[in-house]
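The values are calculated or read from the model by the stated rules, or taken from the named source; none is laboratory data. Keep in mind it's a predicted model, so treat the numbers as computed, not measured. For neighbour counting, all protein chains shown are included, and Cβ atoms are generated from backbone atoms with ideal geometry for every residue, glycine included.
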Amino acid sequence: MKHLYDIKQLNAEQLNHLFSLADKIKTTAVTETKKWLAGKTAMALFFENSTRTLMSFQLAAQRLGMDFCALNIAHSSAQKGETLKDTLFTLNAMQSDAFIIRHSENHTQKQAAKWLGDQASVINAGDGTNQHPTQGLLDLYTIREHKKDFSQLKVAIIGDIKHSRVAGSLVDGLHILGNNNTWIYAPDELLPASTTARKAENMKQALSDADVVVMLRIQKERISQIDAEVLDHWHDNYGLNENNLEWAKKDAIVMHPGPMNRGVEISSAVADGPQSVILEQVRNGVLMRSALLYQLLSD
Amino acid sequence: MKHLYDIKQLNAEQLNHLFSLADKIKTTAVTETKKWLAGKTAMALFFENSTRTLMSFQLAAQRLGMDFCALNIAHSSAQKGETLKDTLFTLNAMQSDAFIIRHSENHTQKQAAKWLGDQASVINAGDGTNQHPTQGLLDLYTIREHKKDFSQLKVAIIGDIKHSRVAGSLVDGLHILGNNNTWIYAPDELLPASTTARKAENMKQALSDADVVVMLRIQKERISQIDAEVLDHWHDNYGLNENNLEWAKKDAIVMHPGPMNRGVEISSAVADGPQSVILEQVRNGVLMRSALLYQLLSD
Amino acid sequence: MKHLYDIKQLNAEQLNHLFSLADKIKTTAVTETKKWLAGKTAMALFFENSTRTLMSFQLAAQRLGMDFCALNIAHSSAQKGETLKDTLFTLNAMQSDAFIIRHSENHTQKQAAKWLGDQASVINAGDGTNQHPTQGLLDLYTIREHKKDFSQLKVAIIGDIKHSRVAGSLVDGLHILGNNNTWIYAPDELLPASTTARKAENMKQALSDADVVVMLRIQKERISQIDAEVLDHWHDNYGLNENNLEWAKKDAIVMHPGPMNRGVEISSAVADGPQSVILEQVRNGVLMRSALLYQLLSD
């Protein structure tokens with residue numbers, strides 16, 4: 001495997017191999033892991049800003065001893081009319097080993113991977129409303145730390161599923177790992193046309209006996225098509241709090257990709273409560289991205 | 001000690017220990033010091049821009065072999081409504097060892113240190129009008145290079161003392177090191193309500209027989225409350241030049257935290273003259289910040 | 001040699017020595033070259049944006065194990081009224097070994113080199129319409145890879161020669177290496193007042209039997225003095241395509257400093273065709289900049 005643009009490229013065995021790699025990186029001294037990809041270079045091309053994801057990739061690359069360059073896209077030739085293909089081939093000629101790309105258009109990274117072939121790796125750090133495979137990987141890895149057998153879990157994903165590449169990659173990943181009990185819940189306008197997940201009728205059906213609850217960020221800029229009134233009452237109808245979390249199992253874990261709108265999709269009591277694994281997700285993000293870089297780039 | 005948000009956290013012994021550490025770093029090969037904190041990471045969160053201070057911290061961290069990440073705050077979730085606490089805990093979950101924070105609100109870093117406890121170090125790179133402890137450290141270290149016994153010195157600090165965190169940390173540091181002969185001079189509106197320093201009546205009283213003269217930058221955006229006319233004649237009344245410098249001792253040193261307004265608070269002849277140690281301050285800034293990072297982060 | 005602000009500082013022997021150094025870097029493992037300048041620091045001060053050139057220098061420095069800091073000029077004191085001289089001396093006091101400067105005013109780097117003397121190296125990454133010596137070096141190195149003896153070549157350079165520092169450095173470099181058969185072609189308004197190159201009457205005279213064809217980027221912001229109509233028909237009169245390239249030798253190579261305006265100064269068929277060495281130029285840029293850094297900074 002040379003590129004990762006869609007989590008569906010991976011089968012269960014490959015996913016589990018990446019999880020084991022992350023386990024190994026976690027227990028290896030940084031001074032040791034810094035030798036693993038020393039002398040290799042990763043370049044980040046973020047056409048959409050995300051300091052959080054960029055930092056996570058930077059730390060993941062540095063942990064393996066890689067050089068890391070984040071391009072200032074706002075000032076690059078890419079914004080002055082140069083095509084993405086020319087930008088990519090130019091940077092590739094500088095001998096970068098990996099391109100970590102975030103882009104507002106679906107499938108940009110798949111196209112980039114096709115252009116570059118085996119010359120350099122492309123990693124998708126989010127494409128439009130389609131995929132965010134490294135977020136999917138870290139979510140799955142976090143669930144695995146707490147819940148072992150994926151096929152026996154009930155997972156509830158609540159929020160704007162339709163526009164969420166986070167949800168897209170997670171639903172696909174759960175399906176690959178044999179889970180047939182993934183539920184999604186949102187206003188009808190924010191549900192995807194097709195999905196391997198089951199659609200819940202209400203919060204109670206989604207949350208009841210859930211082992212894992214994943215709350216999605218409301219991205220106000222992406223959901224212009226729904227009523228302001230629905231947004232105003234979002235927490236009452238689609239938010240997680242101490243009351244409705246009781247429908248889930250006692251040992252259910254609560255996840256959120258961040259950054260959170262506290263009091264909107266999730267109450268502070270739950271976000272900071274004992275069932276929350278939100279900061280573990282962040283920590284695991286660095287580990288999983290290191291694992292992926294190592295998998296794609298080690299000789 | 002885990003954090004440094006206020007120079008008053010340090011006693012004389014601790015200050016002298018930091019100075020000795022800086023001495024040691026100065027005389028040790030960079031290829032050697034790069035092993036001291038290899039594998040550790042510092043993140044800079046500058047909510048106020050300062051390329052100069054940021055560079056100084058970056059070089060200080062790299063000199064010890066640390067990875068250094070400067071967050072693009074303008075594009076971060078912190079600016080999109082995420083609370084500073086959530087931003088900090090998120091970055092902390094990525095396993096940063098130190099957070100170097102510059103913020104326009106007083107006491108932000110003290111609060112951050114309280115939140116993080118012993119999970120990671122917080123270093124204050126300037127908070128509002130309160131403290132800039134690493135600037136204080138480098139100023140004291142520079143004085144020590146030239147003047148040894150702090151208790152025997154007359155120090156004059158001239159300019160906008162009230163809004164200057166540089167002056168705040170320096171006055172405190174001198175007091176801790178046993179100096180009772182620190183004088184400040186400014187228009188009444190720019191003097192602090194309370195201080196351990198003595199207030200001079202005029203330039204002559206402040207400068208006469210001084211061993212150390214510290215000129216502060218006029219920050220026009222911060223001093224809206226004083227008359228334009230006072231600003232227009234600033235150099236005549238509060239500026240240092242070859243004439244009034246003669247009131248000080250022959251071997252007095254002249255300091256300025258930079259960047260300078262030449263011809264306003266200081267004349268070019270003095271800034272570039274034989275008594276100026278302004279560029280030594282810059283060099284010492286990197287050394288003292290390395291010393292501090294080592295003190296806070298070495299196992 | 002301590003600085004490089006103008007390719008005319010170098011004689012043929014020195015140029016060939018730099019080419020040999022680049023050859024050596026190309027065939028040496030990165031884990032080895034990373035030891036060559038470990039512990040040294042380069043700072044980039046780009047007063048004009050160029051992500052491409054900045055990346056190239058960053059990768060070149062990292063390949064030799066250097067620390068690399070790119071200053072955020074837009075937020076630096078330099079933009080708040082501090083003089084370039086004060087900015088430079090401040091950064092120099094932080095013990096940077098090299099300053100890589102891009103500036104819109106001609107001769108800025110020569111002045112900077114004069115100020116710094118032997119305290120630190122200055123490398124010109126482009127000054128106004130004057131010189132871009134590292135681009136000249138990589139262009140010459142690329143020609144040398146394909147064409148060996150410079151004195152026997154016909155070289156055609158086409159486009160806005162007058163405002164092109166790329167052309168300036170290349171014409172000078174070819175002259176130093178003994179080439180007397182360098183031709184330039186452009187509308188009269190875009191020809192330089194004096195040059196060592198020959199002026200062609202038309203595309204045919206420029207291209208006929210050429211061994212090397214260099215197409216320059218049309219920088220619309222720089223050529224306000226020529227008619228819009230000339231620009232509209234640029235490709236017809238001054239563009240390279242499969243038809244007029246036939247006038248050149250069968251084994252002629254085609255060069256462009258990038259980023260390209262496809263369909264304007266060069267057709268896509270030629271840019272992506274078998275004679276194009278445009279991506280080799282990019283790759284060689286990193287190598288030549290490494291060679292230069294090593295030449296200027298190794299003890």
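Overview of results
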{"item": "Residue match in segment B:114-136 (condition: in contact (Cβ under 8 Å) with a residue 40 or more places away in the chain, crowded, with 19+ Cβ neighbours inside 10 Å, in contact with a Gly (Cβ under 9 Å, 6 or more places away or on another chain) and of a type in the set (A, V, I, L, M))", "result": "no"}
{"item": "Output for segment C:212-237, where each listed residue is crowded, with 19+ Cβ neighbours inside 10 Å and of a type in the set (D, E, K, R)", "result": "C:Arg217"}
{"item": "Segment C:179-203: number of residues that are of a type in the set (Lys, Arg) and either in a loop (DSSP other than H, G, I, E, B) or at pLDDT below 95 (or both)", "result": "0"}
{"item": "Candidates B:Val286, B:Val230, B:Val212, filtered to the one that is in contact with a helix residue (DSSP H, G or I) (Cβ under 8 Å, 6 or more places away or on another chain) and at pLDDT below 95", "result": "B:Val230"}
{"item": "Segment B:104-132 - residue that is in a loop (DSSP other than H, G, I, E, B) and within 28 Å of A:Lys220 (Cβ to Cβ) and, of those, farthest from the other protein chains (Cβ to nearest Cβ)", "result": "B:Glu105"}
{"item": "Residue match in segment C:87-103 (condition: more than 14 Å from chain B (Cβ to nearest Cβ) and part of a helix (DSSP H, G or I))", "result": "no"}
{"item": "A:Asp97, sole failed condition from (1) under 26 Å from A:Lys26 (Cα atoms); (2) of a type in the set (D, E, K, R); (3) in the same structural domain as A:Gln225 (by TED's automatic domain parsing)", "result": "(3)"}
{"item": "Residue list for segment A:43-84, filter: within 11 Å of chain C (Cβ to nearest Cβ) and of a type in the set (A, V, I, L, M, F, W, C)", "result": "A:Met43, A:Leu45, A:Met66, A:Phe68, A:Cys69, A:Ala70, A:Leu71, A:Ile73, A:Ala74, A:Ala78"}
{"item": "Those helices (runs of 4 or more DSSP H) lying entirely in segment C:204-299 with at least 3 residues touching a residue at least 24 places away in the same chain (Cβ under 8 Å)", "result": "C:234-238, C:278-297"}
{"item": "Residue, surrounded by the fewest Cβ atoms within 10 Å (Cβ to Cβ), within segment C:256-273, restricted to residues that are within 12 Å of C:Gly159 (Cβ to Cβ) and touching a Leu at 6+ places or on another chain (Cβ under 9 Å)", "result": "C:Val264"}
{"item": "Condition met for B:Phe99 (among the aromatic types (Phe, Trp, Tyr), surrounded by fewer than 22 Cβ atoms within 10 Å (Cβ to Cβ), under 27 Å from A:Asn261 (Cα atoms) and at pLDDT 95 or above)", "result": "no"}
{"item": "Filter result for the condition that a residue is among the charged types (D, E, K, R) and within 14 Å of chain B (Cβ to nearest Cβ), over C:Lys40, C:Lys26", "result": "C:Lys40"}
{"item": "Residue count for segment A:151-178, restricted to those that are in a helix (DSSP H, G or I) and farther than 21 Å from A:Gly285 by Cα", "result": "2"}
{"item": "Residue within segment A:273-296 that is within 25 Å of A:Gly126 (Cα to Cα), among the hydroxyl-bearing types (Ser, Thr, Tyr) and within 13 Å of chain B (Cβ to nearest Cβ) present", "result": "yes"}
